[in-house]
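Notes follow the structure.
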Amino acid sequence: MTIDEIIDFVEGLDGTLVVRPEAGDGSPEISWGDAFFYYAPDGVVPQATQPFATIVTKNYPGDETSRLDRPGAFRVNAAVGKETFADRTGHAPGEPAGGDSGATDVVIVHPVYGSAAWLAVVNPGPRTDAAVRQLLRHACDLARTRYERRRRAG
């Protein structure tokens, strides 16, 4: 899977907004080249919520264990909720994960946000293509549910 294939897939999910920071748009330079996925049926970046998924193309401070400084390396990340997280990993978010955060084409616990029920895949390929699509779809569905709940309450 390429970054563009992942972005195309997410753009095909109902109500999604893809933000791709770049030079000159006011975003921090470190975010340039990355992608942030929101449930935003009005097409406006939500002010009070985090993205439901991201693609990062480089190491961030404190998040170097996936070794995204390797040529062509990137990581897709998804907020999948506690139940899906436990189903995929066999343990609750926040429990020790183990494993290699830099392994490619393998679903891993996000090295920084695993305690918040995020999963990730470095350089998704044939082994994880279906899983990545499923995780992204599920993360979007969770974001949609939160959006609708806030809208009803507001």
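The values are calculated or read from the model by the stated rules, or taken from the named source; none is laboratory data. Computed from a predicted model, the values in this text were never measured in an experiment. Accessible surface areas use protein heavy atoms only, side chains included; no ligands, DNA or RNA. Shrake-Rupley method; radii C 1.70, N 1.55, O 1.52, S 1.80 Å.
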(message) What is the distance in Å between the Cα centroid of segment 121-139 and that of segment 94-110?
(response) 14
(request) Report, in whole Å, the centroid distance computed from the Cα atoms of segment 20-90 and segment 140-154. (result) 20
(request) Please turn the phi angles of segment 10-24 into ³J(HN,Hα) values with the Karplus equation 6.51 cos²θ - 1.76 cosθ + 1.60 (θ = phi - 60°), one per residue in order, whole Hz, x for glycine and proline. (result) 5, 4, x, 7, 4, x, 8, 10, 9, 10, 10, x, 8, 3, x
(message) Can you give me the long-range amide H partners of T16? Hydrogens built in the peptide plane at 1.01 Å from N, cutoff under 5 Å, separation of 5 or more residues or another chain.
(response) A40
(request) Tabulate in residue order the Karplus-calculated ³J(HN,Hα) for segment 138-146, using 6.51 cos²θ - 1.76 cosθ + 1.60 with θ = phi - 60°, rounded to whole Hz; enter x for Gly and Pro. (result) 5, 4, 5, 4, 5, 5, 4, 4, 4
(message) With a cut-off of 8 Å between alpha carbons and a minimum separation of six or more residues, what is the relative contact order of segment 1-90 in percent?
(response) 19
(message) Please report the antiparallel percentage of the DSSP beta bridges confined to segment 4-153, to the nearest 5.
(response) 95
(request) Please work out the average accessible area per residue across the chain, using the 1.4 Å probe convention, and give it in Å². (result) 53
(request) Could you tell me which label, among [x] 9.4; [y] 8.7; [z] 9.8, carries the value of mean projected area of the Cα convex hull in nm² calculated for this structure? (result) [x]
